[in-house]
Amino acid sequence: MSSPGLGLSGSPQQSLTSLVEQKLRAERVVKAGANWFITVAVLSMINSVLSMSGAGIRFIFGLGIADFVDAMAHQAGQSGFVLDLIINGFVAGVFVVFWNFARKGQQWAFIVGMALYALDGLVMLYFKDILAVAFHGYGHYRIYSGMSGVPRLRNIEASMTPAGAPIQPV
């Protein structure tokens, strides 16, 4: 006995299911790259709190500019603590904005975020924190991997949109 459907081309329903699966995989790749922005932002804020509390430890995952601001805040004394959290909160907030747009597949957010993260890596290089520089390189690789998934996601979305259908916002 032969099973039904062997040797037959896939039905339109199977084709749509395949496209949906491909789209979900592409979205997962894009979001995984974008999530590095939020990781860096959160860990930078944790680093600032640890620095200001005098813990003496920090994550290598944070931002070099946050470390620089922390060092300046220590020199300013007690008033520097609030200013440190405000400045580093703003910087982390910028990375949260990049995360928000990048996870929606906005390529500009990946590009601008990576450029700022590269500048931050130069700050770490200036302070000769080689381990943090290496992590910045790995972070760039992961963010770039997410950005490289954007064209594939757009192609899949375009093939899923029937001709003449209204464009849906992402």
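General remarks:
- The range 36-59: number of residues that are at pLDDT 90 or above and out of contact with any Gly (no Cβ under 8 Å at 6 or more places or on another chain): 3
- Taken residue by residue, the range 131-147 has at least one member that is among the aliphatic types (A, V, I, L, M) and closer than 24 Å to Glu27 by Cβ.
- Within the range 38-86, being open to solvent by 40 Å² or more (accessible area, probe 1.4 Å) and within 18 Å of Trp99 (Cβ to Cβ) holds for Ile38, Thr39, Val42, Met45, Ile46, Phe59, Phe61, Ile65.
- Any hit, the range 74-81, residues being under 21 Å from the mean Cα position of the chain (by Cα) and touching a residue at least 24 places away in the same chain (Cβ under 8 Å): no
- From Val40, Val94, residue being part of a helix (DSSP H, G or I) and more than 11 Å from the chain's Cα centre (by Cα): Val94
The values are calculated or read from the model by the stated rules, or taken from the named source; none is laboratory data. Given the structure is predicted, the values throughout are model-derived calculations rather than measurements. Cβ sites come from the backbone with ideal geometry, for glycine too, and all protein chains shown count toward neighbours. The protein model used for the area step is the full one, side chains on, heavy atoms only, and it has no ligands, DNA or RNA in it. Shrake-Rupley method; radii C 1.70, N 1.55, O 1.52, S 1.80 Å.
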